[in-house]
1. Rounded if a/c is under 1.5, else prolate if a/b beats b/c, else oblate: with a ≥ b ≥ c from the C-alpha gyration tensor eigenvalues square-rooted, which is region B:151-278?
2. Could you tell me how many cubic angstrom of Cα convex hull volume region B:77-156 has per residue?
3. Provide, as a two-decimal number, the C-alpha radius of gyration of chain B over 2.2 N^0.38 Å, N being how many residues it has.
4. Mind listing the phi-derived Karplus ³J(HN,Hα) values for region A:216-230, rounded to whole Hz, using 6.51, -1.76 and 1.60 with θ = phi - 60°, and x for any glycine or proline?
5. What relative contact order, as a whole-number percentage, does region A:198-277 give when Cα pairs under 8 Å and 6 or more residues apart are counted?
6. On the Cα set of chain A, report Rg and Dmax in Å, please.
7. Only Cα pairs under 8 Å and at least 6 apart count here; give the relative contact order of chain A as a rounded whole percent.
8. By a straight-distance test (C-alpha under 18 Å), which lysines pair with B:LYS42 as possible cross-link partners, with residues fewer than eight away in the same chain excluded?
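What follows is calculated from the coordinates using simple rules that are stated; it is not laboratory data. A quick note: this is a predicted structure, and the numbers were derived from the prediction, not measured. So basically every Cβ, Gly included, is an ideal-geometry build from the backbone, and we count neighbours across all protein chains shown.
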Amino acid sequence: MSAAFEAEGLVKRFGRTTALDGVDLRAERGSVLGVLGPNGAGKTTAIRVLATLLRADAGRAVVDGVDVARDPVSVRRRIGLTGQYATVDEDLSGAENLVLFGRLLDLSTLDARARAARLLDRFGLADAGGRRASTYSGGMRRRLDLAASLVGTPAVLFLDEPTTGLDPGRREELWQTIRSLADDGTTVLLTTQYLEEADALADEITVIDEGRVIAHDTPAGLKQQAGGQTVVVRPRDPAHAGAAAEVVARATGGPVAAPRGGVVTTSVEDEREFAAVVQGLEGAGVAVTELALRLPSLDEVFLSLTDGGRTTPKEDA
Amino acid sequence: MTTTTAPGGTTARPATGRRTPAPRRCPLARHSLTLARRNLTKTLRNPGELADAVILPVVFLVLFVYLFGGAVAGSTQAYLQYLFPGILVLTTVLTGQVATALSLVQDMKKGVFDRFRSMPVPRTSMLLGSVLADAVRYVLALAVLFAVGSALGFRVETGVAPALAACVLAAVLGFSLSWLSVLAAVLLRNEVMVSTVVFLLPFPLVFGTGMAAPVETMPGWLQAWAGVNPVSRAIEAVQGLLLGGPVAGPAAATLWWSGVFLAVFGTAAVVAYRRVVG
Ligand SMILES: Nc1ncnc2c1ncn2[C@@H]1O[C@H](COP(=O)(O)OP(=O)(O)OP(=O)(O)O)[C@@H](O)[C@H]1O
Ligand SMILES: [Mg+2]
């Protein structure tokens, strides 16, 4: 297998800020790489370097076999970029936006129109295609923005926090779209602040913080490193919390902390233990209003990743 | 200044079964026109922007004629004939500058240009596209100016061809000076500052001339400035073309200065843009 893109030791400074401090990124063809990190981690900067919008101060990046510093124009023929903030032109209609990008990608007017129509259809915007983008909802704008980066059928797609600002339903829809793109063989780099999103989409996840890679793993491996998942049980009747705690303890085979606020919470190593919890609750006749297997939050991931001997720059200061 | 890409690129295309259109010739011209069309569509859909560009010269014309006509030329009619060529030049130099600069700032800020820059589109065409779109605004603004002018009683004393030549000459000067606004937009990247600076920047050029009153009535320093001011030459040339009088000398000077402005401000704007955006 060859890498669809590969970056080694990327460094980028803005004045006294070091946005990237030696970042390595790599994805196989047709895979999805999730880049996970908090605000200011350097996610956008990394994407901008790979998409030839910024030149790195040091390091090297190759996209689809082409060096971004040496031949940026060829790289631009192979990539699609959807920035962190929707950049659709509000004065133009959805279709006009897409036709414009088609024209700029050297399609004939006819081809550009056909391509626009197909993409609008694919993204559920066929009916709204003739309307000005200023009348679109946030979700529609995001979808149009994503469609715009696909006009050139790119080999590598860069998506910077593509679901920020979407409601859960819309987010799920966009996830499916991104999955289907990867299934079609497009390599996707996606940044996000949510482990849940990276878990749902990525084949591998690179976690960055303050411009440095602090972990690179598969979603399963990363969850393991972060202390697995958490089972949350909220009995309908708070008086049953004790009984629920017993069920959970039996199912997970470990001690369970005393319920707090009528909610039982404990971490599980193996997702199958969750099924045992469900069965146990049913057997014990405990009705619940909330029953969930929750992924660790970004905070928790960071805590566990940085606890393991590695000090964050914050602690250095 | 065209950056033609090597056909096919230099690296072997890995077989991913994807089709990227082959690069075609003359990307700068093609993409500039595509982007000019985009800007034009945007302008036409924001009638307020268009009205601004069209109304400002007319306001100056009417204001000056009725305020100063009697004092300067003894009658509004005589003054209108004197003033009109200057307002014509003012139209192309001022029209659309602020709107163009503002739309550039917005495109840079909102990330619209980032997307263009992630595509195989020459950097220069993003700037050229917005300046070219101004040409249509000139045509509209000049048409309205001539309509209002003749309604007030202005008469071209030469003919249609010289009048058209006057418009073209003024448009050339306006086009070359647009690059000053582009430069300001790229350097300042802030709506409030850009609208003030770009609005005021051409004032010394436009008003430091004999446009509204004979140069002899001005203080010495202003006379000196009006004497060397390229816009004075353009007004003289337009006067010649509309009302009769010497044309060749001032027209040549206008074209020469336009070339200088284009070379200096155009190059500076492109260089600044590449620097700012990387
Ligand atoms: N053009 C710039 N000029 C100066 N500093 C910058 C610039 N771009 C980014 N930075 C700084 O670099 C660091 C990394 O920024 P970046 O935008 O890459 O983070 P991010 O991970 O995308 O964050 P977010 O989740 O908020 O989008 C931040 O400290 C930011 O302030
Ligand atoms: Mg970002």
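1. Numbers: a/c = 2.12, a/b = 1.70, b/c = 1.25.
Prolate, because a/c is 1.5 or more and a/b exceeds b/c.
2. 87
3. Details: Rg = 21.1 Å, N = 278, 2.2 N^0.38 = 18.7 Å.
Dividing the Cα Rg of chain B by 2.2 N^0.38 Å gives 1.13.
4. Karplus-based 3J(HN,Hα) across region A:216-230 equals 9, 6, 6, x, 4, x, 5, 4, 4, 4, 8, x, x, 9, 10 Hz.
5. Details: 109 pairs, mean separation 20.6, N = 80.
Answer for region A:198-277 is 26 percent.
6. Spelled out, the Cα radius of gyration and Dmax of chain A are 22.6, 70 Å.
7. Here the relative contact order equals 19 percent.
8. B:LYS109, B:LYS110
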